[in-house]
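Participant: Encoded as structure tokens, here's the structure I'll be asking about.
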Amino acid sequence: MEATIIMLEFFKALLDPDLGFLRNALLLGLIGSIPLGAVGTFVVARRISYLAAAIAHSVLGGIGAALYAREVLGWSWLHPMLGALLAALTAAGVIAAVSLRSKQREDAIIGAIWVTGMAVGLLFISRTPGYIDPMAYLFGDILLVTRSDLWIATGVGALIIAILLLWHRQIVAVCFDAEFAAIRGVHADRIYLLLLLLTALTVVTLVSLVGIVLVIALLTLPPAIASLRARSLGQMLICSIVLTACFVLFGLGLSYSLDFPTGPTIILLAALVYLVANGSNRLCAK
Amino acid sequence: MMSESAHSDCGCQAHSGEPVVCFDGVSFSYGRTPVIEDADFDIYQGESVCVIGPNGGGKSTLLKLMLGLLTPDQGEIRLFGQTTKLGRARVGYVPQQIEFDPLFPVSALDVALMGRLSKKSFGFVSQADRASAYEALAKMGLADQAKQPFASLSGGQRQAVLIARALVAESELLLLDEPTAHVDVAAEERLMKSLKALGDELTVITVSHDLAFVSRSVPKVVCVNRCVHLHPTARLSEARIRELYGHEVRMVQHDHEHLDSHGGHHHHA
């Protein structure tokens, strides 16, 4: 009953002309849930959440550098999200190279890339005049969501879906058995790199809404929940998209009504549902 | 075929056309450990060849070299007259086992469909691909299991799916790494029947531990224990096997089946 009232209040607020930021945030979340659920499915199925987290964290380096370049070098055309995109794609390339080629300890190197990206970002931010709160980028701030974020997210999302529609068979085959895919003539290493680049693009689309740290939870929790019941990758993918959209909608509603920060509310909601789903799945299995 | 090549250990008898597989002075080592030394043999279209040798002798390595999954230190390998990376698209490969993630949500049909893959596979699976994957699964006795999760199948059923995956590729060369290791006798017979049904054009190379299987199914053997020799099965003498396996030859005899110099096998009750 109370939940209905909260959501009704939220829907009323969405129609309020003074609360445009709320509409932007919801739209970004709903648009973003499509690439997030789709790419997240592959990330979870292939068990590369750790790599996705490293890519997401190194995004701060790009954001920091872009903010610095705008203020100090006067590159006003450099949107922080563009910096984030470049950093994420670079990190994905480096991580793919390390993960495919390195004879060293892969996890240690990826941990290092993760932190190096953050350190670079914090250094740039500290040298940028004016006060910038890194927390907004780490954990999200719906006031940061602008119209241009929506356009970027729509464009990037469409690109991700187009790539997945074309290459999903090859991606699935490489994730399941890279050796056999290679024998069939698929460029397994390139497809793996493609998956990491898609992860980078996906992470960037939702950084302003939920932040660098929390976007990983939104990328991995819905597919993890979906995988408890899904019998195929297709089912898992569709279920993940629906779940992500629900978490964004209800998380945003809750955070508006209870005056909670949005990113953490969405993530806690997802984590709670995961716990309940996992628990009930175990009970059913007994 | 056995008699015509009886004089030769390297299989370079008169054959029309290019060999399907050609090893030319191939050596390979893992680090400093030599695994294959100076392998030199050809396998021609329609031949059925068995690869035997002791554990760690390099049998699987030989297949991986053929598939271009490993690169030789010396020498050259050609598949259908092309480099291994180009030629392997015409090869169906059944690994001994695959390392797979049991939580990865794919059905038996999805796995079989991967045999239809090429680097030009864009978009969704066609009806024709789906039909041939169904047909291959049915041939392996898995028509009813097509929609089941791959991980939920038994070891033997999984191997049958992997064989189906190789069959749907409509390959000209089939590489089977211990295809009968996890399957029961009925499944083995089904496999042999479906291989025969594929016709004389198909070249089949099978890695096997089972010397009885070798003697009754294939006319030629590749013996691998660092050195590689291609013989007609008829010339696989007991002395040759002892040399190849060392002490393990006794184990084979304890199984009540061993090869004699005439290429047959005895049953000791």
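Coordinate-derived values only; no laboratory data. All figures in this text were calculated on a predicted structure; none of them were measured in a lab. Cβ coordinates were reconstructed from backbone atoms using ideal geometry, including for glycine residues, and neighbour counts include every protein chain displayed.
Participant: Reachable lysines from B:LYS147, Cα under 30 Å, same-chain residues fewer than 8 places away excluded?
Facilitator: A:LYS286, B:LYS119, B:LYS120, B:LYS139, B:LYS193, B:LYS196
Participant: So if the hydrodynamic radius of the range A:149-286 is defined as the Kirkwood radius over C-alpha pairs, what does Stokes-Einstein give as its diffusion coefficient at 20 °C and 1.002 mPa s, in µm² per second? Don't jump to the answer; show the numbers that get you there.
Facilitator: Numbers: Rh = 16.6 Å.
Result for D is 129 µm²/s.
Participant: Provide, for q = 0.10, 0.24, 0.25 Å⁻¹, the log10 of I(q)/I(0) from a solvent-free Debye sum over equal Cα point scatterers in the range A:63-160.
Facilitator: The Cα Debye sum returns log10 ratios of -0.34, -1.29, -1.33.
Participant: Okay, which of the range B:131-165 sit inside 11 Å, backbone N to the point 7 Å along the Cα-Cβ direction of A:GLN235?
Facilitator: Residues B:148-149 qualify, since their backbone N sits under 11 Å from the label point.
Participant: Taking the dipole about the Cα centre of chain A, with the C-beta of Lys and Arg at +1 and of Asp and Glu at -1, give me whichever of A:ALA65, A:VAL98, A:ILE113 is farthest to the positive side.
Facilitator: Sorting the options by dipole projection puts first A:VAL98.
Participant: A follow-up question, please. Hey, what does the equivalent ellipsoid look like for the range A:206-281, semi-axes from the Cα gyration tensor as sqrt of 5 times each eigenvalue, largest first, whole Å?
Facilitator: Working through the eigenvalues yields semi-axes of 22, 13, 10 Å.
Participant: Within chain A, which DSSP H helices have Cα atoms that stretch 30 Å or more along the helix axis and a mean Kyte-Doolittle hydropathy of at least -1.0?
Facilitator: Going by DSSP H runs, the hits are A:20-45, A:49-72, A:80-101, A:106-127, A:147-176, A:233-258, A:262-285.
Participant: For the protein assembly as shown, what does the helix formula give at 222 nm: sum of -39500 (n - 2.57) over DSSP H segments with n ≥ 4, over the residue count, nearest 500 deg cm²/dmol?
Facilitator: -19000 deg cm²/dmol
Participant: A further question on this structure: Along each principal axis of its Cα atoms, how long is the protein assembly as shown end to end? Whole angstroms, biggest number first, please.
Facilitator: Per principal axis, max minus min of the Cα coordinates gives 94, 53, 40 Å.
Participant: Ok, one more. Test of understanding: ordering B:SER60, A:SER58, A:SER232 by Cβ neighbours within 10 Å, fewest first, what list do you get?
Facilitator: Result, fewest neighbours first: A:SER232, B:SER60, A:SER58.
Participant: Now a separate question. What do the square roots of 5 times the Cα gyration tensor eigenvalues come to for chain A, in whole Å, largest first, as semi-axes of the equivalent ellipsoid?
Facilitator: Listed largest to smallest, the semi-axes of chain A are 29, 27, 16 Å.
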